[in-house]
Amino acid sequence: MIQHQNIVQKIIIAVAVLISTIGFAQGKQGRIIEDFNKNWSFRLGDYPGAIQADFDTKDWRTLQLPHDWSIEGAFNKDNPTKQAQAFLPAGKGWYRKTFTVPANWKNKTVSVEFDGVFKNSEVWINGHSLGMRPNGYISFAYDLSKYLNFGKENTIAVKVDNDAQPNSRWYTGSGIYRNVKVTASGKLHIGLWGTFVTTPEITKEKVSVQIEIEVKNDFDTGKEFRLVTSIVDQKHGEVAKIETKEKAAGNAIFKKVQHLSLPNPILWSIENPYLYKVVTKIFDGKTMTDQYETPLGIRYFNFNAEKGFSLNGIPTKILGVCLHHDNGALGAVENIHAVRRKLTLLKDMGANAIRMSHNAPSLEMLQLCDEMGFIVQDEAFDVWKKKKVTNDYHKDWDKWHKQDLEDLIKRDRNHPSVMMWSIGNEIREQFDSTGIVITRELAQIVKSLDTTRPVTSALTENIPEKNFIYQSGALDLLGFNYKHEDYKDFPNRFKGQKIIASESVSALETRGHYDQPSDIIKVWPPKHNAPFDGNKDFTVSAYDQVKSYWGSTHEETWKTIKKLDYMAGLFVWTGFDYLGEPDPYPYPARSSYFGIIDLAGFPKDVYYMYQSEWTTQPVLHIFPHWNWAKDQEVDVWAHYNNADEVELFLNGKSLGKKSKQNDDLHISWRVTFEPGTLKAISRKGGKVVLEKEIHTAGTASKIDLKADKQIIRKDGYDLVYVTVSVIDAAGNLVPDANDLINFEVIGGGKIVGTDNGYQAGLESLKAPSCKVFNGKCIVIVQSNTKGENIRLTASASNGIQRASIAVKVE
Ligand code: GAL
């Protein structure tokens, strides 16, 4: 029996090896970059023996990275992660993978690159430890070449230790939650993040491009080689080129600066984020030993103490949001399609900037910010030496902060979207003199690697004498969080300083839930640490009327900032609800209320306030829904732009015209409810701009499914987000529907997440079912590699008509 099991196991391993070898390019010159996410084994717990090749993993799960085991667990108030990390489990886990590399890779340098492992990872190859990395957000790579069995089987093992809790103020996830790849190049190659492209001079006629290159010579002997760099545009191919002859000593890093000139550059901007590619090749004789690509966006920007920010000479307000790294129901799992969906929603709202709060973002996030035209504040730390929670990064500070910061800068400094380096968020050291020394040290680390972007920090203390980070004199740009009422004093308090509202608002809202009347602004909690007052359903009104005691309503901050030219812009806390930090609510609340968009990706109403202010596209949005008790007084709000007035009608009868006065950001009518149709018409110069209608919905009768894509790719990664709505017979959303919907997928895909955006739901976000919340939920389906078309069916058990939808997989 045991023998039989062994044979079966060997066959399984052999097939897995075969599968994981296929795809590794064999003969290609230059650099080979391979997806290394597939066919990992995983098990929760601690298995030190798993570093050995003969360790038995037959009870382990096979899975595809990126993977987050926390999101697969149950929300439970006893989990040591507690409220801040969404009451989800953490602990330890091991990953292992057996793979073969081609025999002819013997003459190459082979590395494995992890974009992020939460946290305390240690990696072994064929029993040899490659190193460990405490920071859960930072990218790292290991050279495997010395230890590989070429043409034979290899075993890589990764231990992840997220056991010591609590270790964060927000949900982190656990595991290898970002992408992993293997790269192979000749032994004469560009080092990790070994290029730095800058544009010292930009005119209309030409741009001078400078590229600093680090060539690593892994041979024992010196090497002569040709270093060839080209700039490639999107239409014409190569538009500039330089070739130099070089000589590198054995086992050394050789540094070179090349200069190119590019005529008639197309600038990178928010509206037209034009990207060139810089391609660097190394030739040893006729053989290309490496080929390395660096993105290039040509832009210039400036922060000014009086005028704020400008991009390419054009005054531009930074209209940003803060984002945490989770992808809602996917947990911390990184997926470029999930990120693109988030950024598309924000772009449509008019946002032009993202603050990566409060840690290194994923590569996909930065790639898309480059491609879609966002300004990025890249942030390194939430704590320095002084802790915020018991087991956070302060424990690793002494040993790791220098390397973590250097690696972040080296990795991200070629992204044109990145325009600010933040060395910390609300750091405790701002309150005492240790802040001076550390700020200077960190700023110096940044400047040693990049002088083209300002160093900033998100501060809370805005009295100059009391803020030691400010007193260090080492910040180029001051970031202040909240306290919008103080902005007016900043030019006096901080003479000659450049300033941005690094974090603002923190207002609370639940999508689709409305308390009447709307004109009472509530502050939560009424007092710091005041006990929860017992709102049974854990919902917060979606009018912009509930703010945290440290923050403001959305309207309050934006009204202030928009008038102050010296404020470079703002980052609203937050673009999306995120897992964890459901302040001020206790269990079962488990995700935040601060988002402009809910966790499922449904915009809350305030989204349209920003859209009406931050875009030029015509906007007319009215709310709430139109299902109320007879004769109830209901406040109807409208966000609009591009119009002089809005007229509201109830069942054809005009309730009057209104227009925004002074600095109003919305208009409203108090209406006595009667069922029927509420209609708004916006007009400019007497001409209709837009019309919007809301109808009283009847009883729930059908499920409506809308996919965000008709076709997805059969790559095992692509996602389709299907919006599920419960509607009445006439097609109106039933605004208080909470029916349980079961999902079934047939064909080449599977359900990877379901969510309704309710911040206190305890059902698993991985379940193949979901209760609609205020009428809606989302189901996320991921393709596999079979290429079969997908059919998703949604059914409810209470007589509501089921629905199904097809998605093509190619
Ligand atoms: C800020 C902090 C954020 C988040 C936010 C919630 O003070 O920087 O990380 O905690 O409060 O309002």
**OP:** Looking at (1) surrounded by fewer than 20 Cβ atoms within 10 Å (Cβ to Cβ); (2) more than 16 Å from the ligand (Cβ to nearest atom), find the lone condition where Lys387 falls short.
**Re:** (2)
Original post:
What do you reckon, is Glu788 in contact with a strand residue (DSSP E or B) (Cβ under 9 Å, 6 or more places away or on another chain) and without any contact (Cβ under 8 Å) to a residue 12 or more places away in the chain?
Top reply: no
**OP:** Considering only residues that are touching a strand residue (DSSP E or B) at 6+ places or on another chain (Cβ under 6 Å) and surrounded by 18 or more Cβ atoms within 10 Å (Cβ to Cβ), look in the range 727-744 and name the one that is nearest to Asp35 (Cα to Cα).
**Re:** Phe743
Subject >> Per-region count, the range 527-545, residues within 16 Å of the ligand (Cβ to nearest atom) and at pLDDT 90 or above >> reply: 2
Subject >> Enumerated strands (runs of 3 or more DSSP E) restricted to the range 573-692, each holding at least 1 residues that are at positive phi >> reply: 653-658
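Okay, residues lined up against (1) of a type outside the set (Gly, Ala, Ser); (2) within 28 Å of Val779 (Cα to Cα):
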| site | (1), (2) |
| --- | --- |
| Thr294 | yes, no |
| Ile336 | yes, yes |
| Val339 | yes, yes |
| Leu343 | yes, yes |
| Gly350 | no, yes |
**OP:** List the strands (runs of 3 or more DSSP E) that sit entirely inside the range 758-810 and contain at least 2 residues that are of a type in the set (A, V, I, L, M, F, W, C).
**Re:** 776-783, 790-796, 803-809
Subject >> Residue that is nearest to Gln367 (Cα to Cα) [pool: residues in the range 252-279 that are assigned to a strand (DSSP E or B) and of a type in the set (Val, Ile, Thr)] >> reply: Val278
Subject >> Search result, residues across the range 561-571 that are within 12 Å of the ligand (Cβ to nearest atom) and surrounded by fewer than 23 Cβ atoms within 10 Å (Cβ to Cβ) >> reply: none
Subject >> Unique residue being in contact with a helix residue (DSSP H, G or I) (Cβ under 8 Å, 6 or more places away or on another chain) and in contact (Cβ under 8 Å) with a residue 24 or more places away in the chain when the list is Asp718, Asp739, Asp728, Asp704 >> reply: Asp718
Original post:
What pairs can you find where one residue is in the range 164-181 and among the small types (Gly, Ala, Ser), the other is within 16 Å of the ligand (Cβ to nearest atom) and not in a loop (DSSP other than H, G, I, E, B), and their Cβ atoms are less than 7 Å apart, with a gap of 6+ or different chains?
Top reply: Ser168/Ala84; Ser168/Gln85
**OP:** Answer yes or no: is there a residue in the range 365-377 that is crowded, with 24+ Cβ neighbours inside 10 Å, within 16 Å of the ligand (Cβ to nearest atom) and over 16 Å from Ile318 (Cα atoms).
**Re:** no
Subject >> In the range 572-583, residue nearest to Asp348 (Cα to Cα) [restricted to those that are more than 10 Å from the ligand (Cβ to nearest atom) and not hydrophobic (A, V, I, L, M, F, W, C)] >> reply: Gly575
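For every residue, the table says whether it meets (1) without any contact (Cβ under 8 Å) to a residue 24 or more places away in the chain; (2) more than 29 Å from Thr199 (Cβ to Cβ); (3) among the polar types (S, T, N, Q).
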position	(1), (2), (3)
Ile438	no, yes, no
Leu442	no, no, no
Ile445	no, no, no
Thr452	no, no, yes
Leu459	no, yes, no
Pro464	no, yes, no
Original post:
When you scan the range 149-168, how many residues do you find that are surrounded by 21 or more Cβ atoms within 10 Å (Cβ to Cβ) and part of a loop (DSSP other than H, G, I, E, B)?
Top reply: 2
Original post:
Lys679 passes all but one of (1) free of Cβ contacts under 8 Å to residues at least 40 places away in the same chain; (2) touching a helix residue (DSSP H, G or I) at 6+ places or on another chain (Cβ under 7 Å); (3) under 30 Å from Val724 (Cβ atoms); which number fails?
Top reply: (2)
Original post:
So, in the range 584-594, of the ones that are modelled with pLDDT under 95 and not hydroxyl-bearing (Ser, Thr, Tyr), which residue ends up farthest from the ligand (Cβ to nearest atom)?
Top reply: Pro588
Original post:
What number goes with the only condition from (1) within 30 Å of Ala707 (Cα to Cα); (2) touching a residue at least 40 places away in the same chain (Cβ under 8 Å) that Tyr608 does not pass?
Top reply: (2)
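The values are calculated or read from the model by the stated rules, or taken from the named source; none is laboratory data. Source: prediction; values computed, not measured. Reconstructed Cβ throughout: ideal geometry from the backbone, glycine too, with neighbour counts over all protein chains shown.
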